[in-house]
Amino acid sequence: MHKILDFPDLLRLIDERSTAFRAAVAAAPDLDAQVPTCPDWTLRDLVRHLGEGRRNWGIIVAAGPSEVRPDTSAALAGPAVPTEREALVAWLAESTQQLLDALREAGPDSGCWTWWPASQAPQTAGAVARHQLQEITLHTYDAQLVAGTAQPLPTEVALDGVEEFLVTCCATTAAWPHEPATVDYHVTEGRSWRLRVDAEGARVTRIPAPGTPGSADLAPADFSTVSSAGELILAGFYGRLPLDVLKMEGDRQIIEQLIAWEPEV
């Protein structure tokens, strides 16, 4: 059964992953060390990105429904980002709390501006929480690499993250510039999705489990992958691991085209 994380679980996990991020920052040998998976950034740059970003999204959620991005300059007002490690970690905790407070106050169904209006994800505080969990989780992995403490992505986060990435970051109404194709993503935790790309854009559907109604009606995909959910996120979606960690079948050029595609709508 495909079950997405509910809102209280999203908030709990945002808090947990943010705590893990701060622990990695506290344990890292040098805040000015390069982040291997973000080579243009030092760990200090990554910390600033994560902290300022959570403050920005807190303001966006609190502003409510909007067709234009709210002014978030207030998020950067006030004292400068601390440079000393202990103060920086405290600033990060405050940033997370501002986001969590805004999400709790708004509730999951409250509308707000997002950058994904053409996707299959709603423009709500709940969808923001879902995406924020994935961004914080990914950057926690980045920070753990610097600290030498990298861990696999938590299973419940990774499972939700596969579908979140597909409906938010892949689905679009922009025309696919290549031959139409279908891509199936299978994860060893027991879930599967199909991505269809063509002149009408990209859309995602869940694949029924074997033996359930509709499971035998699908034509074979042009390309498919099999992996754990965490491996799919790190390798297939966000480029933190090489693609070859995935078991792949079919025309590999399709996934390479997907990775290179930057649709504009």
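The values are calculated or read from the model by the stated rules, or taken from the named source; none is laboratory data. Everything quoted here is computed from the prediction, not taken from an experiment. Here the Cβ positions follow ideal geometry from the backbone for every residue, glycine too, while neighbour counts run over all protein chains shown. Surface accessibility is based on the protein's heavy atoms, side chains included, excluding ligands, DNA and RNA. Shrake-Rupley method; radii C 1.70, N 1.55, O 1.52, S 1.80 Å.
Couple of notes before you dig in:
- Within the shell defined by Cβ-Cβ distances under 11 Å, the residues around ALA127 carry a net charge of -1, with Lys and Arg each +1 and Asp and Glu each -1.
- Protection-proxy order for peptides 68-74, 177-183, each taking the mean of Cβ atoms within 10 Å per residue, highest first: 177-183, 68-74
- Protection proxy ranking for 88-100, 4-16, using the average of other Cβ atoms within 10 Å per residue and placing the highest first: 88-100, 4-16.
- For the chain, built as a Gaussian network whose Cα springs stay under 10 Å, the top-fluctuating residue of ALA26, ALA77, ALA209: ALA77
- Degrees separating the helix 7-27 axis from the principal Cα axis of the chain, which is the longest one: 60 degrees
- Summed over qualifying helices (DSSP H, 4 residues or more, each -39500 (n - 2.57)) and divided by its residue number, the chain shows a 222 nm mean residue ellipticity of -13500 deg cm²/dmol.
- Dipole magnitude of the chain, debye to nearest 20 (Cβ charges: Lys/Arg +1, Asp/Glu -1, about Cα centre): 340 debye
- Extension gain (nm, one decimal) between ALA63 and TRP261, 0.36 nm per residue minus Cα-Cα: 68.1 nm
- Within the shell of other residues whose beta carbon sits under 11 angstrom from the beta carbon of SER227, the net charge comes to -2, with Lys and Arg scored +1 and Asp and Glu -1.
- Between 0 and 90°, nearest 10: helix 155-165 axis offset from the chain longest Cα axis: 70 degrees
- With respect to the chain, whose longest principal axis is taken over its alpha-carbon atoms, helix 43-63 is tilted by about 80°.
- Protein accessible area in the range 1-145, 1.4 Å probe - carbon and sulfur %: 53 percent
- With a cut-off of 17 Å on the backbone N, the residues of the range 140-178 near the modelled label site 7 Å out from ASP198 along Cα-Cβ are 171-178.
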